[in-house]
Amino acid sequence: MVDWTRSSALRQGNTTNHIRAICDGTYLALIVNGQLVAEANDGTYPSGDVGLAAGTLEPEPTEVHFDNLVVTVP
C-alpha cells in the first residue's frame, strides 16, 4: 500500500498526537495532527476489523497509551 516513511506530523517525546484513520471502501487515509500523511486505494480486503498497534525501530523500550478511541461507520 504505502511504504514506511518518517513524518514531521508525528510529535516526538511525551506529548499527545491526534491520529485519524479513514477506511471507506477501498480508500484508506491516515491523518496525524491534522496533516494527511498517507493515502491509498486498495481492494485486497473487502472487509475487516479495527486494530491498533504501536512500536519503534529503536532498541530502547517504548511506552504507548491510547485513549478516546472512537470508531464510526460511514
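Just so you know, all these numbers are worked out from the coordinates, no wet-lab data involved. Just so we're clear, the structure is a prediction, and the values are computed from it rather than from any experiment. Neighbour counts run over all protein chains shown; Cβ positions are idealised from the backbone, glycine included.
For this structure, a couple of remarks:
- Residue check, V73 free of Cβ contacts under 8 Å to residues at least 12 places away in the same chain and part of a loop (DSSP other than H, G, I, E, B): yes
- Condition check for L57: aliphatic (A, V, I, L, M) and more than 14 Å from the chain's Cα centre (by Cα): yes
- The selection criterion, being assigned to a loop (DSSP other than H, G, I, E, B) and surrounded by 10 or more Cβ atoms within 10 Å (Cβ to Cβ), holds for S8.
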